[in-house]
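I have a structure I would like to understand better, so I am pasting it below and will then ask my questions one at a time.
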Amino acid sequence: MRPADYFRIPDVSYRVWKVWMRNRDVFMKTIKVNFLVPFLEPILYLFGIGFGLGLYVGEMDGMPYAAFIAPALISISMMNASFFECTYASFVRMYHQKTFDAIISTPLNVDEVILGEILWGSTKSLINASIMLSVLSALQLVKLPDSLLLIPFSFLVGLVFSAIGMCFTAIVPTIDSFNYPTFLLITPMFLFSGTFFPLSALPEPVQLASQIFFPLTHAVIISRGLASGRIGAQSLVSLAWLASVGSILTILSINLMRRRLVA
Amino acid sequence: MPPIISAMGLTKIYGGIKAVDRIDFEIREGECFGFLGPNGAGKTTTMRMIQCAIPKTSGRLLVKGMEVDERPREIKRILGVVPQENNLDPDFTVLKNLTVYARYFDIPKGEAERRALELLRFVQLYERRDSPVDKLSGGMRRRLMLARALINEPEILVMDEPTTGLDPQARHAIWDKIRALKREGVTVVLTTHYMEEASQLCDRLVIMDLGRIIAEGSPAELIEEHVGSEVVEVDNRPEVLGLIAREGERYEMFGDRIHVLARDPKGFVSKLMGACDLERVAIRRATLEDVFLKLTGRALRD
Ligand SMILES: Nc1ncnc2c1ncn2[C@@H]1O[C@H](COP(=O)(O)OP(=O)(O)O)[C@@H](O)[C@H]1O
Ligand SMILES: [Mg+2]
């Protein structure tokens, strides 16, 4: 493919929602289990890190430690829900179950299948973020109603991480290969995106790299702004960053997938 | 009537491999048309080009007058596809597999349910409608694949090795369904490497080998043209070979047996009896298998 081919505008229609609905139907079958993880995860982290470590840390950036990490926990959950949906789960559907092959024998095309998967990954992010938000607001760790904006925002963050995941899904030879992006990208992001301590604690070059390359950094900036009710101008930059990287990578992942599936 | 599917110089190249190499064929509306060939002949590649799953490298391919690379959505709307490998959705039950698939064709929910149940009766899976698909036997899964391919009431049914790996009962069950569909006017395109399947089901067929079409016609025409009506089977002995050489007959060797495609089988047998002392001479009707082996040779193709 020529370089421009990687950014060809996808040929998509309303049919993307049929792919989304297929995944929703599977999700609804085991809805109780699906709700358990995002419900328990923040509680676990809050007790372990927020309240436990918080006892020694006291305040961070002028807020109680638990309140400092609460929006980061939501952002991490947005990342995990969507990234893992569009890597491991999508790969199983594509490679092992041949679900994509089955769908493209119908009037749907590959572009629609992949965009449907990405929108589903974004939805997973939204579902998990909403559940966590309800737990964290019950504990009065986030401000209402400002924090409700985290719900639509989680869809955008989900889109970015779904698209990143889908790019890997388009190129990995086997499912085990996902260990590389998980370890080399997701784990560092988990630690160095202003999640558990402010970005300013890091050396300048690392701060810069984190802001240039890590979507989670931008997700945390906005989430923390919304959760504390003090949204700054920096959030607009982050929003623009997420929106542009999200759209570019979505388009890239669709073209990479077309190359993989339609040879 | 114009052909419902036609290919002209159709070619597919993978890397350097010519999977399909400048083939021409015309499939008529309402017939059952077969692609017969050994492994690697290019049958699956041809089916996947017809169903718009992969782009062709060159040549032309028209389905109902539509170019495959111009109007894939319209083509896929009128096609039912049973691929070589099952790809049922393991996350759903038998019935749900059909209704979810119906949604891809914009079939409304109620109508989808009605069609799905009717099709499950047709393929004898109605009682199993709430089973998860991984609880089904191989034959049941194949029948469910067929039912799924029919959910959009296709004009053309494309089946890639519909019965490979099935036991005889399961195979006959599928054949019955294919015949029933043909009676309803569905055009059936199938691939197979089973001669019996091709002769039982196909009105016309092509034999493919190494990406090329090497013969074409109805099963009877192919047999008549390439083998004649009968085949003489005899033990492989030097004196038999000698006689064959003197008579100038065509033959094929199968280990310790020889198949002689004699011009006058009965006359040849009496000459054989006169010339040599033989115990195991048989004269039998020629089959598509004789044509196939004659044209594609006997080397293994895996
Ligand atoms: N995706 C592919 N990439 C490379 N080569 C392929 C691919 N698919 C098929 N081939 C090659 O094309 C030839 C024809 O394959 P296929 O159409 O599957 O044959 P058949 O279905 O008759 O067994 C084979 O040599 C096969 O190895
Ligand atoms: Mg094949």
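Every read-out reported here was derived from the displayed coordinates using simple, explicitly stated rules and does not represent laboratory data. Computed from a predicted structure; not experimentally measured. For neighbour counting, all protein chains shown are included, and Cβ atoms are generated from backbone atoms with ideal geometry for every residue, glycine included.
Fewest to most neighbouring Cβ within 10 Å: what's the order for B:266, B:182?
Neighbour counts put them in this order, fewest first: B:266, B:182.
A follow-up question, please. Size of the dipole of the protein assembly as shown about the Cα centre, Lys and Arg at +1 and Asp and Glu at -1 on the beta carbon, nothing else charged, in debye to 20?
Charge dipole of the protein assembly as shown: 960 debye, to the nearest 20.
Ranked from highest to lowest mean number of other Cβ atoms within 10 Å per residue, what is the order of the peptides B:104-113, A:84-93, A:243-252?
Top of the packing list down: A:84-93, A:243-252, B:104-113.
Shifting gears a bit: Among A:20, B:175, which comes first, second and so on when ranked by fewest other beta-carbon atoms within 10 Å?
B:175, A:20
Out of all DSSP beta bridges in the protein assembly as shown, what portion is antiparallel? Express it as a percent rounded to 5.
Approximately 65 percent, going by the DSSP bridge assignments.
Output the relative contact order of chain B, whole-number percent, from Cα pairs under 8 angstrom with separation of 6+ residues.
The value is 21 percent.
Sort A:120-131, B:183-194, A:96-107, A:46-57 by the packing proxy (mean of other Cβ within 10 Å over each peptide's residues), most packed first.
Result, highest mean Cβ count within 10 Å first: A:120-131, A:96-107, B:183-194, A:46-57.
Any idea what the relative contact order of chain A is, in percent, if you count C-alpha pairs under 8 Å spaced at least 6 apart?
That works out to 28 percent.
Work out the charge dipole of the range A:3-262 with +1 on the Cβ of Lys and Arg and -1 on the Cβ of Asp and Glu about the Cα centre, then indicate which of A:227, A:55, A:160 is farthest towards its positive end.
Final value for the positive-end residue is A:160.
Here's a follow-up. At what distance in angstrom do the alpha carbon centres of the range B:232-268 and the range A:162-184 lie from each other?
61 Å
With chain B treated as a Gaussian network of Cα nodes joined by springs under 10 Å, which of B:201, B:288, B:136 yields the largest mean-square fluctuation?
B:136
Another question, if that's okay. Report the residue, chosen from B:29, B:252, B:155, that carries the largest GNM mean-square fluctuation when chain B is represented by alpha-carbon nodes joined by springs under 10 Å.
B:252
If you count, for every residue in A:9-20, the Cβ atoms of partner chains within 10 Å of its Cβ, what is the mean?
For this peptide, the per-residue mean of nearby foreign Cβ atoms is 1.
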